[in-house]
Amino acid sequence: MNRRVIGWTCGVAVLLAAALAVGCGRDAGGPERSVGPAAPAARLAEGAVVRATLRDAVVAPREGSAPSLLEFDPAPAEAVVAHGRAVDASCGALLAAGAWGAGARELRHDDATAHVHRLLVRAPGNGPVEAVRYERDGEVLAEAAYRWGAVGDGFVLRERVLTLFSHGRVLLRQVRRADAPSVLAAAAAASTDVPDGPRPLLAAMAPDCSKEWAVYIGASATMILAGEVYTLIPNPATGSALVTAIGAWEKALNNLLDCQARLAL
């Protein structure tokens with residue numbers, strides 16, 4: 001990981017400058033019609049393997065000067081499609097997904113300390129989640145916007161823009177781009193084992209997804225704290241800690257949305 005101004009940095013800088021000006025996190029757009037490198041015959045069936053190269057960057061606004069930019073070295077990611085989604089176990093990145101199936105929804109949870117948590121989810125009826133906004137007691141804390149590429153009957157991630165807020169201002173944005181996505185069909189013997197594998201938090205989940213909510217709320221608090229530390233001390237170490245916290249947050253969000261979608265069935 002290092003600070004660099006090469007390759008895709010110019011494109012990221014332009015994207016993030018526009019995002020800081022107009023809040024593009026809420027308008028990332030729907031899925032693209034093709035993803036180039038993925039084989040035309042590939043399908044996001046259970047047991048299929050999804051691979052991509054992840055390029056992460058963190059940008060934080062600075063008063064009176066250009067935003068600070070921390071770019072991470074490209075990293076390979078791989079996940080197996082299980083129960084309609086492919087999540088990299090090492091970094092929490094959602095690499096592929098089928099249609100969420102629950103449409104646009106407002107999800108609410110009142111915790112034991114009387115705080116009100118809301119997730120505003122935007123998703124077409126026949127596609128994956130396009131945007132998620134998280135609010136605590138009416139204050140926006142995080143927004144995530146996704147751009148997808150269509151592959152067969154599913155979608156692979158092309159880009160995810162995560163915006164963190166603190167007291168009504170943009171704290172930072174983290175952009176994840178998934179380059180060269182590919183979907184490889186699994187062998188029949190391997191794919192038959194996937195549905196019987198562990199389901200994240202589903203076996204012990206409460207009927208109202210309260211356990212998933214608790215994990216998500218904790219992961220969100222940790223992520224916001226890591227973001228605040230990074231803006232105060234922007235260096236590779238705090239940037240790495242931030243990305244790790246974001247990975248835990250993504251895993252928690254995926255589990256919560258999965259639980260909520262199942263309740264909607």
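The values are calculated or read from the model by the stated rules, or taken from the named source; none is laboratory data. None of the values given here were measured: they were computed from a predicted structure. Using ideal geometry, Cβ is built from the backbone for each residue, glycine included, and neighbour counts are taken over all protein chains shown.
Hey, does segment 220-229 have a residue that's under 25 Å from H83 (Cβ atoms) and either in contact with a Phe, Trp or Tyr (Cβ under 7 Å, 6 or more places away or on another chain) or in a helix (DSSP H, G or I) (or both)?
yes
Could we say that A203 is farther than 17 Å from L107 by Cα and either modelled with pLDDT of 90 or more or surrounded by 14 or more Cβ atoms within 10 Å (Cβ to Cβ) (or both) here?
It is false that A203 is farther than 17 Å from L107 by Cα and either modelled with pLDDT of 90 or more or surrounded by 14 or more Cβ atoms within 10 Å (Cβ to Cβ) (or both).
If you scan segment 56-73, which residues turn out to be assigned to a loop (DSSP other than H, G, I, E, B) and loosely packed, with under 15 Cβ neighbours inside 10 Å?
The answer is E63, G64, D73.
What strands (runs of 3 or more DSSP E) lie completely within segment 127-178 and have 3 or more residues being under 17 Å from the mean Cα position of the chain (by Cα) and crowded, with 22+ Cβ neighbours inside 10 Å?
Passing ranges, in order: 139-151, 154-166.
Filtering segment 211-265 down to residues that are crowded, with 21+ Cβ neighbours inside 10 Å and among the charged types (D, E, K, R), which residue is nearest to A142 (Cα to Cα)?
E250
Test A79 against the stated conditions and say whether it is assigned to a strand (DSSP E or B) and at pLDDT below 85.
No; evaluated as a whole, the condition is false for this residue.
Could you figure out which of (1) modelled with pLDDT of 55 or more; (2) crowded, with 19+ Cβ neighbours inside 10 Å isn't true of G25?
(1)
Would you check if there is a residue in segment 101-111 being touching a Gly at 6+ places or on another chain (Cβ under 8 Å), within 19 Å of L157 (Cβ to Cβ) and touching a residue at least 40 places away in the same chain (Cβ under 8 Å)?
Yes: segment 101-111 contains one or more residues that are touching a Gly at 6+ places or on another chain (Cβ under 8 Å), within 19 Å of L157 (Cβ to Cβ) and touching a residue at least 40 places away in the same chain (Cβ under 8 Å).
Scan segment 91-126 for residues that are farther than 19 Å from G218 by Cα and either in a loop (DSSP other than H, G, I, E, B) or among the basic types (K, R) (or both) and report the count.
Total meeting the criteria: 13.
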